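The values are calculated or read from the model by the stated rules, or taken from the named source; none is laboratory data. Since the model is a prediction, treat every value here as computed from it, not as a measurement. Virtual Cβ from ideal backbone geometry, glycine too; neighbours counted across all protein chains shown. For accessibility, only protein heavy atoms count, side chains too; no ligands or nucleic acids. Shrake-Rupley method; radii C 1.70, N 1.55, O 1.52, S 1.80 Å.
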Amino acid sequence: MRRPRKPDTDAAEADERTVRTAALALLAGRDFGRAELARRLERRGYPTEVVAAVVEGLVAERLLSETRFVEQFIRQHAGRGHGPTRIRAELRERGVPESEIEAGLDAAAEDWAALAREVRRRRFGLSPPGDYAERARQARFLQYRGFSNEQIRAALGPGEDTDP
């Protein structure tokens, strides 16, 4: 006589409770955007329709907030010395809607030119670049960090080293 086979607890057959538990475990570590959280859960093998329902439920319960995620992300990355261009690109990669990104960057109380000056000072010291080659090297560094041409000009401009 054969024993009845136990049902598979495969991730593909997971119910909403299992997906919700996995989502909450991820959210316990850090904030996520809606699309990024959904992608993470789907990569674990959970069904797309169940993931979508769980994500909507978390948004309704205010446990998942795109706005909160964007604000936290901008604050954290600006603290690392990243400019608005790089932050915008990284948020796009995470699936954040353009309207949320722009609203977050507009709401951020960051003086991006001052941040570019500070990042340049930390990397290259107080004295301004001496020649064209050094100026170009510092400009490339700031561009990689995500600052606009205007912000880079402000950071490399004359007199920017007067107030340490």
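Results, tabulated for the structure shown:
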{"item": "GLY125 more than 16 Å from the chain's Cα centre (by Cα) and at positive phi", "result": "yes"}
{"item": "Candidate set: region 100-139, residues that are among the hydrophobic types (A, V, I, L, M, F, W, C) and open to solvent by 60 Å² or more (accessible area, probe 1.4 Å); chosen: the one nearest to ARG39 (Cα to Cα)", "result": "ALA107"}
{"item": "Filter pass, ARG153 being in a helix (DSSP H, G or I) and more than 23 Å from the chain's Cα centre (by Cα)", "result": "yes"}
{"item": "Matching residues, region 79-99, being over 21 Å from ARG40 (Cα atoms) and open to solvent by 50 Å² or more (accessible area, probe 1.4 Å)", "result": "GLY79, ARG80, THR85, ARG86, SER99"}
{"item": "Yes/no for TYR144 being closer than 30 Å to ARG34 by Cβ, of a type in the set (Phe, Trp, Tyr) and open to solvent by 50 Å² or more (accessible area, probe 1.4 Å)", "result": "yes"}
{"item": "Odd one out for ASP31, checked against (1) of a type in the set (D, E, K, R); (2) out of contact with any Gly (no Cβ under 6 Å at 6 or more places or on another chain); (3) closer than 30 Å to ASN149 by Cβ", "result": "(3)"}
{"item": "Cross-chain or 6+ apart pairs with Cβ under 7 Å, region 145-164 first and at pLDDT 85 or above and of a type in the set (Lys, Arg), then outside any loop (DSSP other than H, G, I, E, B) and open to solvent by 10 Å² or more (accessible area, probe 1.4 Å)", "result": "ARG145/ARG86"}
{"item": "Residues satisfying the stated conditions in region 10-34, i.e. over 22 Å from THR67 (Cβ atoms), of a type outside the set (D, E, K, R) and at pLDDT 50 or above", "result": "ALA14, THR18, VAL19, THR21, ALA22, ALA25"}
{"item": "Test: residue in region 63-77 that is farther than 23 Å from LEU156 by Cα, of a type in the set (Lys, Arg) and in contact with an Asp or Glu (Cβ under 8 Å, 6 or more places away or on another chain)", "result": "yes"}
{"item": "Filtered residue count, region 42-78, keeping only those that are open to solvent by 70 Å² or more (accessible area, probe 1.4 Å), part of a helix (DSSP H, G or I) and not acidic (Asp, Glu)", "result": "6"}
{"item": "Matching residues, region 63-104, being over 11 Å from GLY146 (Cβ atoms) and of a type in the set (A, V, I, L, M, F, W, C)", "result": "LEU63, LEU64, PHE69, VAL70, PHE73, ILE74, LEU91, VAL96, ILE101, ALA103"}
{"item": "Residue in region 60-81 that is touching a residue at least 60 places away in the same chain (Cβ under 8 Å) and not basic (Lys, Arg) present", "result": "yes"}
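Residue-wise test of (1) modelled with pLDDT under 95; (2) out of contact with any Asp or Glu (no Cβ under 6 Å at 6 or more places or on another chain); (3) not in a loop (DSSP other than H, G, I, E, B).
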{"position": "ARG86", "(1), (2), (3)": "no, yes, yes"}
{"position": "ALA89", "(1), (2), (3)": "no, yes, yes"}
{"position": "ARG92", "(1), (2), (3)": "no, yes, yes"}
{"position": "ASP106", "(1), (2), (3)": "yes, yes, yes"}
{"position": "GLU110", "(1), (2), (3)": "yes, yes, no"}
{"position": "ALA116", "(1), (2), (3)": "no, yes, yes"}
